[in-house]
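Report on the following structure.
The values are calculated or read from the model by the stated rules, or taken from the named source; none is laboratory data. These figures come from a predicted structure and were not determined experimentally. Cβ placement follows ideal geometry from the backbone for every residue including glycine, while neighbour counts extend to all protein chains displayed. The protein model used for the area step is the full one, side chains on, heavy atoms only, and it has no ligands, DNA or RNA in it. Shrake-Rupley method; radii C 1.70, N 1.55, O 1.52, S 1.80 Å.
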Amino acid sequence: MKPVRIALIRHSVTVWNEENRIQGHMDSPLTKYGRELAEEWKKHLSPESFDAVITSDLGRAIETAEIITQGLDIPFLKVPGLREQDWGEWSGLTYSELDQKWPGQLSAEEAKGWNFRPAGGESRSETSARAIKALEESISKIIEIIDKDTPKVLAVIHEGTLKSIAYKLAEHDYMPGTSKLIKRRRLHWIKWDGTLSIDRLNDLL
């Protein structure tokens, strides 16, 4: 069994990120700054050292990964199961609009921790289960096509998905007031040797 090292990173900055608008399964393109930031990440990540890249099938993750790995001939897997949490009826709204339409609902849902569920969307627990399953299935495919003792994989995904994977592997909860494991715009390493586990979190980029 080949052990695999996986570097998790969130996609770069999008138009909706700058508008403080909820994306979920909806999408918006990277901003000019977002593209420039991905170019900076490319310098620090040494993408030529990776054997494969996996992303969700949403454009913002794909665009970020394509910038980072431009010019490299490595396997590139687009995986629907690595999408962001589905925010249902809240998708496309700014947080201000959300509070106007559903006053107090965001705080009420956040108090449920792993059971946080936007109206018509999926829970954090459901997000974690399908993302971990998708990640493990992707790793199995990569092992089949890469003849190397310890393949190294770059996974460009989403903040909610990334947190749900890391928090589940660390047996950490989402309750308000609990310390946050994941810092933004950092690189997070996990490993697979039959099961997934955390290697280290929050490497500087």
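Annotations
- In nm, spacing of pseudo-spin labels at Ala129 and Glu40 (7 Å Cα→C-beta vector): 3.9
- Within the same chain, aspartates and glutamates fewer than 8 places from Lys141 are excluded, and of the rest, those with a Cα less than 13 Å from its Cα are Asp51.
- Each peptide in 186-193, 69-76, 173-180 gets a packing score, the mean of other Cβ atoms within 10 Å over its residues, and the list from highest to lowest is 186-193, 69-76, 173-180.
- Normalised by 2.2 N^0.38 Å, where N counts its residues, the alpha-carbon radius of gyration of segment 122-205 equals 1.13.
- Solvent exposure of segment 64-191 as accessible area per residue, Å², 1.4 Å probe: 50
- Take the convex hull of the alpha carbons in the chain; its mean projected area over all directions comes to 10.8 nm².
- Inter-part distance, segment 178-205 to segment 3-35, computed on C-alpha centroids, equals 17 Å.
- Only Lys, Arg (+1) and Asp, Glu (-1) charged, at Cβ; segment 1-130 dipole about Cα centre in debye: 340
- Overall form of segment 1-90: oblate. Here a/c, set by the Cα gyration tensor axes a ≥ b ≥ c, is 1.5 or more, and a/b is not larger than b/c.
- Percent accessible area from carbon and sulfur atoms, segment 1-99, protein chains only, probe 1.4 Å: 50
- Three-way shape label, segment 93-149, alpha-carbon gyration tensor, a/c 1.5: prolate
- Surface/4 of the Cα convex hull for segment 57-152, nm²: 7.9
- Sequence-distant contacts, meaning Cα pairs under 8 Å at least 6 residues apart, place the relative contact order of segment 1-144 at 25 percent.
- For the chain, the mean residue ellipticity at 222 nm estimated from helices alone is -11000 deg cm²/dmol, where every DSSP H run of n ≥ 4 contributes -39500 (n - 2.57) and the total is divided by all residues, rounded to the nearest 500.
- Test item: Cα-centred dipole of segment 64-119, Lys/Arg +1 and Asp/Glu -1 on Cβ, debye: 140
- In this structure segment 1-51 gives 49 Å² per residue of accessible area when probed at 1.4 Å with all protein chains present.
- Charged neighbours of Tyr174, selected by a Cβ distance under 9 Å, balance to +1 (K, R count +1; D, E count -1).
- Charge dipole (the chain, unit charges on Cβ, about Cα centre) - positive-most of Ala61, Thr150, Thr127: Thr150
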